[in-house]
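Visitor: The structure that follows is given in the form of structure tokens.
The values are calculated or read from the model by the stated rules, or taken from the named source; none is laboratory data. Keep in mind that what you see is a predicted model, and the values were worked out from it rather than measured. Note that each Cβ is placed from the backbone with ideal geometry, even for glycine, and that neighbours are counted across all protein chains shown.
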Amino acid sequence: NQRVVTEAQPINADTNDWSFFTFADDYYIWEFYTVAVSELIQSTWLGVLSVTVVFLFFIPHWTAAFIVCFFISMLYIDLLVVLNLAGVSINTVSYITLVLSIGLMVDFSMHVLMRYYEAYGTREQKVKETLMSMGSSIFVGAISTFLGTLPLAFSTSEIMKTVFVAFVG
């Protein structure tokens, strides 16, 4: 609305570069909410794409990149649903936690996929070997992350509660 009012001023008529424009520190917040969704979509797609490309170099089989891209996309949608169900709206904290979550999703996926592609035997034997060797380690990592963020659930700060919900999600 503020941009419409400024553009409608006679001094700004018929020009691409406005002669004046009101400004205050509060406009940063307005601008954030103007671009937050499109920036989050762009950051997400670039994050997932860059992780998929990096996977092509580190995982010895090309199908791993497609598996990772699919899993990260599904986990990200799951995280968005969890945040929505918890009543967390898109703000600066949830934006940062959503972008950072891509790294956590990659970490667990990469360990499992690397172990699967290093295992020998049939597909069933490879899955059993992967779960026997990596399953407990990843479970312990997930539990320790949860226990490390559990105190945030009791915080009075909305920032800390948002981080907690994102980590649990």
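Visitor: Quick one: is Val48 out of contact with any strand residue (DSSP E or B) (no Cβ under 6 Å at 6 or more places or on another chain), in contact (Cβ under 8 Å) with a residue 24 or more places away in the chain and within 15 Å of Val106 (Cα to Cα)?
Guide: yes
Visitor: Please determine, by comparing only the residues of region 122-169 that are of a type in the set (D, E, K, R) and surrounded by fewer than 12 Cβ atoms within 10 Å (Cβ to Cβ), which one is nearest to the chain's Cα centre (by Cα).
Guide: Checked region 122-169; the qualifying residue nearest to the chain's Cα centre (by Cα) is Glu158.
Visitor: List, please: which pairs have Cβ atoms under 8 Å, are six or more places apart or on different chains, and start with a residue in region 132-150 that is more than 16 Å from Met105 (Cα to Cα) and at pLDDT 85 or above and end with one that is surrounded by 11 or more Cβ atoms within 10 Å (Cβ to Cβ) and not small (Gly, Ala, Ser)?
Guide: Qualifying pairs under 8 Å: Ser133/Arg115; Thr149/Val163; Thr149/Phe164; Thr149/Phe167; Thr149/Val168; Leu150/Phe164.
Visitor: Right, next: Looking at Ile67, Ile102, Ile90, which one is outside any helix (DSSP H, G or I) and surrounded by 14 or more Cβ atoms within 10 Å (Cβ to Cβ)?
Guide: Answer to the check: Ile90.
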